[in-house]
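One structure below.
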Amino acid sequence: MSSAKPKSVVITGAAGDMGGGAAASFRADGYRVYAADLRAPPAAANTVPVALDVRDRAAVFALAERAAAESDLRVWINCAGVVSNAPVDQASPEEWDRILGINLTGTFHGCAAAFAAMKKNGGGRIVNAGSISGQLGGVGPHPAYGASKAGVHALTKSYALAGARYGIYCNAIAPAVIEGSMARAFSAPQLEKYLAAIPMRRLATMDEIVHAIRYLADDRAGYTNGVVLALNGAQLNIG
Ligand SMILES: NC(=O)c1ccc[n+]([C@@H]2O[C@H](COP(=O)([O-])OP(=O)(O)OC[C@H]3O[C@@H](n4cnc5c(N)ncnc54)[C@H](O)[C@@H]3O)[C@@H](O)[C@H]2O)c1
């Protein structure tokens, strides 16, 4: 049965490169976008900006309840995330807590809030931002980054397992470095070394990543659940 309410998507980290790219793509297909971030996302039509810290569980649940009350909430994308560089022998416990708190606990709150709303509404699709670092680790970023993303991958499977019988899908993407702010943090020699480990010898474009998010958020991906989709140009090691 079709709903009279407008179809919608919640995107956390919506002021960032990936969240912003996903927001533009969903908007172009007529979705109302609940654009949640610590920073204000750029103003756009059919977009509801929501100032939100994903570590605030009550605020994340309030957003899910609001979106489900005002609209036909079909998709929830957890894109909010942080990374910082630290050699493993200098990685601080404070930074460990910060990265885990945003990337992993924040994604847990997003999955839990979306799950509760979608269970009531007869289903929906959750997409989480994982990373190649969650599969391979890495020596540049603080070790919490890969650990948080490995946690996101496992969380994704747990919500898929629990959600399947309610029509709730939960999938993740696991991209390597994408053109944009994260790539600009590399020095030229770092980037050269990194590219040498990628068989395709180039970074992903954000369009390529958004396309994968849209696939995982699409009802036609009817048998794709609990997947961690590697988007890495056939990269098998971290360089
Ligand atoms: N860009 C890449 O190369 C790449 C590769 C693999 C995975 N990822 C993951 O994809 C996701 C999006 O990355 P991006 O490239 O768009 O990064 P980005 O830095 O451009 O965007 C991240 C957004 O998250 C927001 N954010 C940070 N902490 C928050 C909090 N506590 N509450 C709410 N919002 C918060 C930031 O304000 C920012 O707008 C992240 O989870 C990242 O780890 C990115």
Fill in: Calculated [θ] (222 nm, deg cm²/dmol) that DSSP helices of n ≥ 4 give over the chain, each run adding -39,500 (n - 2.57)
-12500 deg cm²/dmol
Discussion item. Need the C-alpha centroid separation for region 41-68 versus region 147-208, integer Å.
Written reply: 23
Worksheet item: How much space per residue, in cubic angstrom, does the convex hull of the C-alpha atoms of the chain take up?
Response: 118
Fill in: Lysine pair count for the chain [Cα-Cα under 22 Å; pairs on different chains or 8 or more apart]
7
Worksheet, complete the sentence: Fewest-first ordering of Tyr31, Tyr194 by Cβ atoms within 10 Å yields Tyr194, Tyr31
Worksheet item: Are there trypsin sites (Lys or Arg not before Pro) in region 1-53 that DSSP marks as loop and that have at most 13 other Cβ atoms within 10 Å, and which are they?
Response: Arg39
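Only the coordinates and a few stated rules stand behind these numbers; no lab work does. Please read these numbers as outputs of a predicted model, since none were measured by experiment. Here Cβ is always computed from backbone atoms with ideal geometry, including for glycine, and neighbour counts include all displayed protein chains.
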